[in-house]
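Here the structure comes first, spelled out in structure tokens, and everything after it is commentary.
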Amino acid sequence: MNEIPEDLSFEEALRELEETVTALENGGVPLEKSLDLLKKGLGLADRCETVLSEAELTIEQLTVNDEGELVSEEMEEEI
């Protein structure tokens, strides 16, 4: 599979993924190139998922406690 740099930002990975999907949707690409684009797209999608998962771990939710003070809590995972 195509190597996707670990320091690739979410925005850049998403932009490249969108370009890859567009190229595949437009057709006219030889089979070998289509397979390469598919592999690249899967790698980019994995990178986006990784970055989002890491961001989710750092997100905290601000709430007001019983005393009216703002407190920071870890975001509860939705199922």
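The values are calculated or read from the model by the stated rules, or taken from the named source; none is laboratory data. As the structure is a prediction and not an experimental result, all values here were calculated from the model. Every residue, glycine as well, gets a Cβ built from its backbone with ideal geometry; the counts of neighbours run over all protein chains shown.
Please pick out the residue among 29, 21 that is more than 21 Å from the chain's Cα centre (by Cα) and either surrounded by 10 or more Cβ atoms within 10 Å (Cβ to Cβ) or modelled with pLDDT under 95 (or both). When all the criteria are applied, what remains is 29. The test for being within 14 Å of the chain's Cα centre (by Cα) and either at pLDDT 95 or above or loosely packed, with under 11 Cβ neighbours inside 10 Å (or both) holds for residue 14. For segment 35-67, filtering for residues that are in a helix (DSSP H, G or I), farther than 14 Å from residue 11 by Cα and free of Cβ contacts under 8 Å to residues at least 24 places away in the same chain leaves 8.
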